[in-house]
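S.K.: Structure provided below as structure tokens; questions to follow.
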Ligand code: TXA
Ligand code: MG
């Protein structure tokens, strides 16, 4: 398949191109598009054949449900059984934005889109190109992240092209994704809301609006034997090709340990990378040192994480050692993704 690649500037949207992209979706095709979190791989959420195509293009297991993207809060009505009070409160505060809510689905959403579940995940992105595209596509765009299953989500068109060229009809290049980590997911189907995937909107912010919010135990705990409630969170994910290990402890001890490990790996002729904070970057002695940003600016760390993991693949890195990060606020999302990328392989010193 020939994949058409177009560029759209969020601040000066080319309506003719957006309408072309929308038509592809209406005709059952697939288009990758930018959002504020990561790039999405879009298809018509109400067309079961489109959802099947998405799974095929990603190489994704079909029990892993897709998020339905909307561009108007009122469009939620048609795809859920009932718009709950707490969903409205969250929508008022955080939509459009990086928050996904799970509610019981209506019959309009095919089971192919929800991976066989009777609930549906819904998000309204704030990215202007995403919103214009969703409208042009008919209002309901099912979209997982636009990566081949298992790889880090793409935060720039370059990595969407690397994974999806030849597999889908169109890729909209909208530059870098601002946030760089996928949306926060909250399940509102039960009596108490449950955080299923941490993201830029933190559990503290959700609690400000909802009061009580539970947190799925599997988010940071690698030994937890329970199954994550978001089916997608159980798969090996966000993973670079190289073997990633997180080293946690006092800064000086971490630097010393990583230096010992990188020297040892280089002696074995491995290509090594260190994911370092700005504060420590100069102290590393061996391997490719990738500075992820200052410890004091977690937004930058979130923004850079997937790009660095992808760069490691581009550079054929065999072994990666990463510092650990604070797990409060958005740090919870950063550590959740980093732990998954590392298969929960962590050294405590
Ligand atoms: O930021 C994002 O959310 C991006 C952009 C493109 O919007 N999308 C994204 O989609 O990350 P994806 O498919 O990579 O991740 C969706 C997650 C999966 O872990 C999936 O299992 C979970 O959401 N999910 C979707 N529907 C669900 C449902 N009904 N119940 C529980 N989990 C659900
Ligand atoms: Mg994904």
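S.K.: Wholly within region 143-260, which strands (runs of 3 or more DSSP E) include no fewer than the required count, namely at least 2 residues that are within 13 Å of ligand 1 (Cβ to nearest atom) and at pLDDT 95 or above?
M.R.: Hits in region 143-260: 184-187, 194-197.
S.K.: Considering only region 120-142, state which residues are near ligand 1 (Cβ under 10 Å from one of its atoms) and closer than 17 Å to residue 51 by Cα.
M.R.: Within region 120-142, 120, 121, 122, 123, 141, 142 qualify.
S.K.: Within region 18-38, track down each residue that is surrounded by fewer than 24 Cβ atoms within 10 Å (Cβ to Cβ) and within 16 Å of ligand 1 (Cβ to nearest atom).
M.R.: 36
S.K.: Let me ask something additional. Please name all residue pairs, on different chains or six or more residues apart, with Cβ atoms under 6 Å, provided the first residue is in region 51-71 and is assigned by TED's automatic domain parsing to the domain that holds residue 143 and in contact (Cβ under 8 Å) with a residue 12 or more places away in the chain and the second residue is part of a helix (DSSP H, G or I) and crowded, with 24+ Cβ neighbours inside 10 Å.
M.R.: Partner pairs satisfying both residue conditions: 69/134; 71/134.
The values are calculated or read from the model by the stated rules, or taken from the named source; none is laboratory data. Treat the numbers as computed from the prediction; the structure is a model and nothing was measured. Here the Cβ is made from the backbone with ideal geometry for all residues, glycine too, and neighbour counts use every protein chain on show.
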